[in-house]
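What follows is one structure encoded as structure tokens, with my remarks underneath.
Please treat every number below as a calculation from the coordinates, not as lab data. Predicted model, so just to flag it, every value in this text is computed and none were measured. Glycine also receives a Cβ, built like all others from the backbone with ideal geometry; neighbour counts cover every protein chain displayed.
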Amino acid sequence: MDEAARRRVAVRLRLLLERWSGTEQEEERTAAHRELETASADALFDLISTEFGKS
């Protein structure tokens, strides 16, 4: 196997490992937390209303 092929395999293995380890999911959760922390009260109430309907 030549060096270029080894690099391609290494990149694919790293991507697979990231998917298995949940790294991408953790990044998505972190981004969602940041959005919630910076959201206004009106935006939060709109989200709740959209997700759960008005009571």
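With the simple model of a label 7 Å out from the Cα in the direction of the Cβ, Arg29 to Glu51 spans 1.5 nm. The Rg/Rh ratio for the chain is 1.37, where Rg is the radius of gyration of the alpha carbons and Rh is the Kirkwood radius. Karplus-derived 3J(HN,Hα) values for segment 34-48, using 6.51 cos²θ - 1.76 cosθ + 1.60 with θ = phi - 60°, are 4, 5, 5, 5, 9, 6, 6, 4, 4, 5, 5, 5, 4, 4, 4 Hz; glycine and proline are entered as x. Each Lys or Arg adds one and each Asp or Glu subtracts one; over the other residues with Cβ under 14 Å from the Cβ of Arg12, this totals +4.
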